[in-house]
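Notes follow once the structure below has been shown.
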Amino acid sequence: MTLENYTPQAKFAHKDMLCLQDYTKDEIFQILALALELKKKKKAGVSHEYLKGKTLAMIFTKSSTRTRVSFETGMQQLGGHAMFLSGSDIQLGRGEPISDTAQVLSRMVDCIMISTYAHSDIEQLAKYSTVPVINALSDYLHPCQVLADLQTIYEHKGRFEGLKLAYIGDGNNMAHSLMLGCTKVGMSISVGCPEGYMPDAGITALAAQNAAENGCRLCITQDPAEAIKDADIVYCDVWASMGQEAEQEKRCKAFAGYCVDEKLFSLAAKDAKFMHCLPAHRGEEVSAGVIDSPASIIFDQAENRLHAQKALMVLLVNGWPL
Ligand code: CP
Ligand code: NVA
């Protein structure tokens, strides 16, 4: 399977992107194939204004660098316009129902993205919105990051089949979306988490089912060395996510031994790559020596947020073929 000149097997017919599990392998490949094509066009200076005159509303109740800049820049490159709406500035922050917000925005804009805490808030927004809603981060999932990650892995490794990704750390939103995304495209994933910080049981069951269907493996272990052994990609995220700042000290103790330092990373495959969704805490979940080494592809990942989300927006708003 190659993503260059990919031929879709079925019509891309989704309104929203809330969770990668809602998408087939073919639909994920459509997004990734278009992301590669849009990236090529951007680098070659070829105009690709597929969303000319369209408006994206961007609701943020969480801090962000990558998500905000990639969506806003991406919409502008597609010929559209993006509007930053801070949760504390719009009426949502003063108690206006999400259902009303969804219906009002749907009358004016063509797509909505939201980065917030409760996943149920994003589901509510999608339920009442008539335009596409994109989950740009919830406490439960981070599908846009994983689309960019899959694009990055494909660019570096040229395939998904036969690869193993090791995620070391908290069983959080990143772990969840990686477990679903990797197993959907046929890539094995090993998750190394301490007791009490394991991924959600429902997500684990879905990922196990995907793995069985797509010929890859899911492994959940408390032993970081076992998780990382022979991995082609080693992935980290912070130990205390946004909203968990008060638990920082407690978590640092719980995650002792889970720092991906040179010794742990040496257990991975010889040509293993290091990935991190960022922002990173050097000296906590990863050593500076690993994250700043030639094996690290963190800035390719960050850049691909732009290309992968542009592809997603084009497909949600216009569908395939373009
Ligand atoms: N990785 C990511 O989503 O980063 P931001 O929080 O900066 O958007
Ligand atoms: N788990 C992190 C991811 C940030 C991109 C958080 O939710 O803060």
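Want the number for Ser99 to Asp271: 0.36 nm per residue separation, take away the alpha-carbon distance, what's left?
Values: separation 172, 0.36 × 172 = 61.92 nm, distance 4.86 nm.
Extra length from Ser99 to Asp271 when fully extended: 57.1 nm.
How long are the semi-axes of the ellipsoid equivalent to the stretch 167-230, from square roots of 5 times the Cα gyration tensor eigenvalues, in whole Å, largest first?
Details: eigenvalues 61, 34, 16 Å².
Semi-axes, largest first: 17, 13, 9 Å.
In percent, rounded to a whole number, the relative contact order of the stretch 163-243 is 43, using alpha-carbon pairs under 8 Å and six or more apart. Contact order, relative form, for the chain: 20 percent (alpha carbon pairs under 8 Å, 6 or more residues apart, mean separation divided by residue count). With Cα atoms as the point set, the radius of gyration and Dmax of the stretch 70-215 evaluate to 17.5, 50 Å.
Thr65 sits with roughly 90 Å² accessible to a 1.4 Å probe, with DNA, RNA and ligands left out of the calculation.
Within the full protein context, the accessible area of His281 is estimated at about 70 Å² for a probe radius of 1.4 Å.
So if the hydrodynamic radius of the stretch 182-322 is defined as the Kirkwood radius over C-alpha pairs, what does Stokes-Einstein give as its diffusion coefficient at 20 °C and 1.002 mPa s, in µm² per second? Walk me through the intermediate numbers first.
Values: Rh = 16.7 Å.
Rounded to a whole number, D works out at 128 µm²/s.
Convex hull volume of the C-alpha atoms in the chain, normalised per residue: 125 Å³. Each part gets one Cα centre, and for the stretch 167-235 versus the stretch 123-160 those centres are 17 Å apart. In the structure displayed, which of Lys229/Lys273; Lys39/Lys157; Lys15/Lys127; Lys40/Lys273; Lys39/Lys164; Lys15/Lys43 lie more than 21 Å apart, Cα to Cα? As for pairs spanning more than 21 Å Cα to Cα, those are Lys40/Lys273; Lys39/Lys164; Lys15/Lys43. Largest GNM mean-square fluctuation across His119, His142, His307, computed for the chain with C-alpha springs under 10 Å, falls on His119. Between the listed residues Ala82, Asn135, Tyr23, the Cα displaced farthest toward the positive end of the dipole of the stretch 1-143, a dipole computed from Cβ unit charges relative to the Cα centre, is found at Ala82. The 1.4 Å probe gives accessible areas that order Glu155, Glu4, largest first, as Glu4, Glu155.
Gain on full extension, evaluated as 0.36 nm per residue between His156 and Glu213 minus their Cα-Cα distance, stands at 18.0 nm. Placing +1 on the Cβ of every Lys and Arg and -1 on the Cβ of every Asp and Glu, with no other charges, gives the chain a dipole of roughly 900 debye about its Cα centre.
Which of the helices in the chain meet the span-like rule: DSSP H, Cα axial reach of 24 Å or more, Kyte-Doolittle mean at least 0.0? Could you put the intermediate results ahead of the total?
Working: long enough: 25-44 (28 Å, -0.25); 298-318 (30 Å, 0.27).
Once both thresholds are applied, what remains is 298-318.
Amide H contacts of His81: Lys54, Thr55, Leu56, each under 5 Å away and 5 or more positions distant or on a separate chain (H built 1.01 Å from N in the peptide plane; Pro and chain starts excluded). Remark: relative contact order (the stretch 26-127) = 30 percent; criterion is Cα-Cα distance under 8 angstrom and separation of 6 or more residues.
The values are calculated or read from the model by the stated rules, or taken from the named source; none is laboratory data. All values reported here derive from a predicted model rather than from experimental measurement. Note that each Cβ is placed from the backbone with ideal geometry, even for glycine, and that neighbours are counted across all protein chains shown. For accessibility, only protein heavy atoms count, side chains too; no ligands or nucleic acids. Shrake-Rupley method; radii C 1.70, N 1.55, O 1.52, S 1.80 Å.
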